[in-house]
Amino acid sequence: MDPKDNELQKELEGGPFGPQDGFSEHLKRRIEQRIDEESQKPRKPRVAWLASVSAALVMASAVIVFSHWQSLMDGPLAFDTAASSTEAPEGHPLLHGTVQQQPSFRAALLLGLRTDQPGPQPGAEYSTYRTLLIAPQDGGLGKTAEGAGILMPYKMNFWSIVTESHESAGEETRTLAASMAKAPSASAPAAPGLSSPAVPQAKPVKASEKLLFAGNRYLTVAQKTNEGSPHEYVWVKEVEQLTSREQLSDPPLREPHVSLRSLFGDAVASPAMKPLQVRLPGEPPSATRDQAGESWAIVRKQGHWAAQAADYTDGSRYELKDLSLTLPASVVAHDRLAASWADIKRVLPSALDAFSSPTEDMVAIVSERDIAVYPFHGGQLASSAPLVTIALNRSETVVMAQWALDNYVDEWKRRVKGLLEEK
Amino acid sequence: MESEANFEYLKYLSSSSDSKAIVAELMTAYGKDVWNYAYSITHKRDQADDITQEVFLKVFRNLYSFRCESSVKTWLLAITRNMSLDYRRSAFLRKVVPIGFSPFESAGASAAASASAEEEALGKMALSDTWRLVLQLPVKYREVLVLFAHYQLSMKEMAEVLGVSEGTVKSRLFHARNKISKLKEKKTLGSEGQ
């Protein structure tokens, strides 16, 4: 390199103001606040001095979308205009008769499922998990990957949530642990309970955990302890709080967890908790009621995820009570069900729950026996045979539903297949 | 670069990814770079603040549009450049010529005087000598020199940020080096650069 270039690089290495940072903490907080405001509003052109340009682009886009009825986003077109036909393609008629074009899909669904199994002895019940990916395949949809355990997308990568079995003094503790996922190796021994349904050992179970929900970065974990008198607890945790450990925290409030207060702020959490008058876990009946929402859960209700507070008035067990709070996008993104429940029931009368893609091109309907995925286009749910059907085990429930869109679908197909143990 | 490795995951975002947390991490890693680049183009602190805010807002809105054809840094700097130039154009159209623009673009203004006035207005903030000279250059030479010497981007990366061919980058860099050398010479000889 030219010595003068070296000199220039050295002289300009620091910013214009050297160590004094133009990008101050104040500015960073200001930007974060704007982002918070924006995330709570529907998106619209915001920058005043670019408003005219943005508005013109939006208008042009709206005209094009209206006149041609196709997506402007990169990736597969919603409809293949080159293959227009007045006859419905075989197997894909819409509710109201003929379909003009063959639908294509822009989303992939990563499902996490839990099956509760009876144990060899009372108090030794256990849970097994599996993850599967439903993605576009051969012009339709298919199950492109499946494996044991829970594989969830989180920040930098995919993370695995597994049940670890720890033995001490002739007793077993089964806890959940999360770590960055690695491809299964033929030479490496499988982690306990990872590769196949965990075969419970014939040892007394001191404590156990099971996963009720896995989302963007939060999990709901139910705990059961059998030491002394049995107790049950439930917590919402961040993924990175689920570390490998041999025993649960005592007293229970020491358990790493996320309170409603930390998520929503006191101004929201306290008014939501106050009417419920719930008792804190491990606290005597005379103790102050839980105002901060220390113990709560994210549960599945028909068509959406909901927050419920845990009341320990019973002492040894909790009772979940509905909270008048809407879960933010940071906890559950894309929780809107695109199809109406009436349409879902018309297609599948035995439907118990449903998930729809953010791209509104598919709906996965859950019944007691299976999960059936139907095309969904133009606001209509196809009434033909489903494109994919996943048989469910007895008492198997959905604990995770994550979506990949457009360009990320292929990446997920490739990476998830490599990370899940193939059956 | 470690920051680049840490943001490899942007390629694998899902619609349910925590956009706010990701943008917060991007600000931690690249906030200073974005601000410095915005400042080097506009030469005004408050404009650099506004532009930095708009850049990260745009990133928040369009996180999934990152196509991973370039590095995260060049992607952010390209957005910053476009935002800064739009900001300048809109200011120009409003017949407002902010202090600090190159003398080649603000007729009659002395760049050195502008720089000094800027410094005084900012109080304790002190530009290094070399930065003062760089900020006197016309924008198209200023930014290529900043991308080369401060951000140490490759020719290919500079071309991506600037939206020009590598040949154009090389030509501008050649002229930028010459101009800065002349400014340094004049300074050494005792006269303020014009």
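Each reported figure results from applying straightforward, stated rules to the coordinates on display, with no laboratory input. Keep in mind that what you see is a predicted model, and the values were worked out from it rather than measured. With ideal geometry, Cβ positions are generated from the backbone for all residues, glycine too; neighbour counts draw on all protein chains shown.
Sorted from fewest to most neighbouring beta carbons within 10 Å, what does the list A:S350, A:S384, A:S356, A:S104 look like?
A:S350, A:S384, A:S104, A:S356
Would you mind ranking A:I371, A:I390 so that the residue whose beta carbon has the fewest other beta carbons within 10 Å leads the list?
A:I390, A:I371
From the backbone phi of the range A:332-342, what are the Karplus-calculated ³J(HN,Hα) couplings (6.51 cos²θ - 1.76 cosθ + 1.60, θ = phi - 60°) in whole Hz, Gly and Pro given as x?
Going residue by residue, I get 9, 8, 6, 9, 8, 8, 6, 8, 6, 5, 4 Hz, with x marking Gly and Pro.
Would you mind counting up the charge near A:F376? Only other residues with Cβ under 11 Å from its Cβ, with Lys and Arg at +1 and Asp and Glu at -1.
Around A:F376, the surrounding residues sum to -3.
In the structure shown, do any of A:K301/B:K58; A:K413/B:K73; B:K73/B:K187 have a Cα-Cα gap over 30 Å, and if so which?
The pairs that break the limit, which is 30 Å between Cα atoms, are A:K301/B:K58; B:K73/B:K187.
Once amide H atoms are placed 1.01 Å from N in the peptide plane, what residues at a sequence separation of 5 or more from A:F213, or on another chain, have their amide H within under 5 Å of its amide H?
For A:F213, whose amide H was placed from the backbone, the distant partners under 5 Å are A:T220.
Quick one: Cα centre-to-centre distance for the range A:293-308 and the range A:230-279, in angstrom?
13 Å
Using amide H atoms built 1.01 Å from N in the peptide plane, name the residues 5+ places from A:V399, or on other chains, whose amide H lies under 5 Å from its own.
Amide H to amide H, under 5 Å and 5 or more residues apart or across chains, A:V399 pairs with A:G112, A:L113, A:R114.
Starting at the first residue of the range A:343-360, write each ³J(HN,Hα) from the Karplus equation 6.51 cos²θ - 1.76 cosθ + 1.60 with θ = phi - 60°, in whole Hz, x for Gly and Pro.
5, 4, 5, 5, 6, 9, x, 8, 4, 10, 7, 7, 10, 10, 6, x, 7, 6
Using Cβ contacts closer than 10 Å as the measure, can you line up A:T389, B:T80 from fewest to most?
Ordered from fewest to most neighbouring Cβ atoms within 10 Å, A:T389, B:T80 come out as A:T389, B:T80.
Under a plain spin-label model, where a point goes 7 Å from the Cα along Cα-to-Cβ, how far apart in nm are A:D36 and B:S128?
3.6 nm
Taking amide H atoms as placed 1.01 Å from N in the peptide plane, list the residues 5 or more away in sequence, or in a different chain, whose amide H sits under 5 Å from that of A:V205.
A:E172
Looking at this model, which pairs from B:K20/B:K44; A:K182/A:K417; A:K28/B:K44; A:K210/A:K237 are more than 20 angstrom apart at the alpha-carbon?
Those over the limit are B:K20/B:K44.
Other chains near B:172-181: what is the mean number of their Cβ atoms within 10 Å of each residue's Cβ?
So the per-residue partner count for this stretch is 1.
Around A:Q277, under 11 Å between beta carbons, what's the net of Lys plus Arg minus Asp minus Glu among the other residues?
Local charge sum for A:Q277: +2.
Report, in debye and to the nearest 20, how large the dipole of the range A:217-330 comes out about its Cα centre when Lys and Arg carry +1 and Asp and Glu carry -1 on their Cβ.
Its charge dipole is roughly 340 debye.
At a temperature of 20 °C and a viscosity of 1.002 mPa s, determine how fast the range A:217-330 diffuses translationally according to Stokes-Einstein, using the Kirkwood radius over alpha-carbon pairs as Rh; express D in µm²/s, rounded to the nearest whole number.
Value of D from the Cα-based Kirkwood radius: 148 µm²/s.
Can you compute 3J(HN,Hα) from phi for each residue in the range B:171-183, using the Karplus curve 6.51 cos²θ - 1.76 cosθ + 1.60 with θ = phi - 60°, rounded to whole Hz and x for Gly and Pro?
5, 5, 5, 4, 5, 5, 4, 4, 5, 5, 5, 5, 5
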